[in-house]
Amino acid sequence: MELLELLEQLEETLERGMNIPFSGRCLVRRDEVLELIQDIRLKLPDDIKQARSISEERARILSEAEQKAEEIIRNAETRITAMVDEHEISRKAVEQAGVIIGNAKKNSREIRLGTREYADGVLDKVESILAETMEVIKVNRQELK
């Protein structure tokens, strides 16, 4: 019999008791009340054990839930940190790529200008050599005439 049922029986026994007028008291069968109290005493330890077990199980479940929550939070923080780091790396890579492209354009311009100057110098030298050669040819032709 469950503890609550035993308490209900005790309550019914008290309600069935005979009221003593003007005293607020009642007469109940002593042996019946004592038997119910004894049954309650016997049942109480089992219910307390069960309640304690339920309480411990609840505490264990709460502890596991808290640990799981903390693990989820740690994982989220780690992931956020990684994403921030990844974003920072990407930003720095884009920044560095801009610097590299700028330097490459500058070097390309300098090389193009240097190549033009070199080509102009070579052509100038060829022109002067050709001019000297033309002069020699003119002189030689005049001597032939």
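Computed from the coordinates by the stated procedures, all read-outs in this text should not be read as laboratory data. Please read all numbers here as calculations on a predicted model, not as lab measurements. For neighbour counting, all protein chains shown are included, and Cβ atoms are generated from backbone atoms with ideal geometry for every residue, glycine included.
Between R25 and A65, how high is the FRET efficiency from 1/(1 + (r/R0)^6) when r is the Cβ-Cβ distance and R₀ = 41 Å? Nearest 0.05.
On the way: r = 52 Å, r/R0 = 1.27.
The formula returns an efficiency of 0.20 here.
For R41 and R74 in one chain, what is 0.36 nm times their gap in residues minus the Cα-Cα distance, to one decimal in nm?
Numbers: separation 33, 0.36 × 33 = 11.88 nm, distance 4.91 nm.
Gain on stretching R41 to R74: 7.0 nm.
I'd like the per residue volume of the convex hull spanned by the Cα atoms of the chain, given in cubic angstrom. Walk me through the numbers before you get to the answer.
Details: hull volume 28.1 nm³, N = 145.
So the per-residue Cα hull volume is 194 Å³.
Compute the acute angle (0 to 90°) between the alpha-carbon long axis of helix 3-16 and the principal axis of greatest extent of the alpha-carbon atoms of the chain; round to the nearest 10°.
That works out to roughly 30 degrees.
Determine, for region 3-144, the count of lysine pairs separated by eight or more sequence positions (or lying on different chains) whose alpha-carbon distance falls under 29 Å. Mind showing how you got there, number by number?
Values: K49/K68; K92/K105; K92/K106; K106/K125; K125/K138.
Counting lysine pairs in region 3-144 gives 5.
Using 0.36 nm per residue of separation minus the Cα-Cα distance, give me the extension gain between L130 and E56 in nm, one decimal. Each step should come with its number before you reach the end.
Working: separation 74, 0.36 × 74 = 26.64 nm, distance 10.75 nm.
Using 0.36 nm per residue and subtracting the Cα-Cα distance, I get 15.9 nm.
Distance from the Cα centre of region 41-72 to that of region 111-145, in angstrom?
Centre-to-centre distance over Cα atoms comes out at 104 Å.
With angles folded into 0 to 90 degrees, how steeply does helix 30-144 sit against the dominant principal axis of the chain? Use alpha carbons for both and round to 10.
It is inclined by approximately 0 degrees.
Ratio to report: Rg/Rh of region 83-127, with Cα atoms as the point set and Rh obtained by the Kirkwood method; give two decimals.
Details: Rg = 19.2 Å, Rh = 13.1 Å.
Radius of gyration over Kirkwood radius for region 83-127 works out to 1.47.
Which value in deg cm²/dmol, rounded to the nearest 500, describes the helix-derived mean residue ellipticity at 222 nm for the chain, given -39,500 (n - 2.57) per DSSP H run of n ≥ 4 and division by the residue count?
Working: 2 runs with 129 residues, N = 145.
Calculated mean residue ellipticity at 222 nm is -33500 deg cm²/dmol.
Take the Cα atoms of region 1-74, build their convex hull, and give its volume per residue in Å³.
Measuring per residue, one finds 112 Å³ for the Cα hull of region 1-74.
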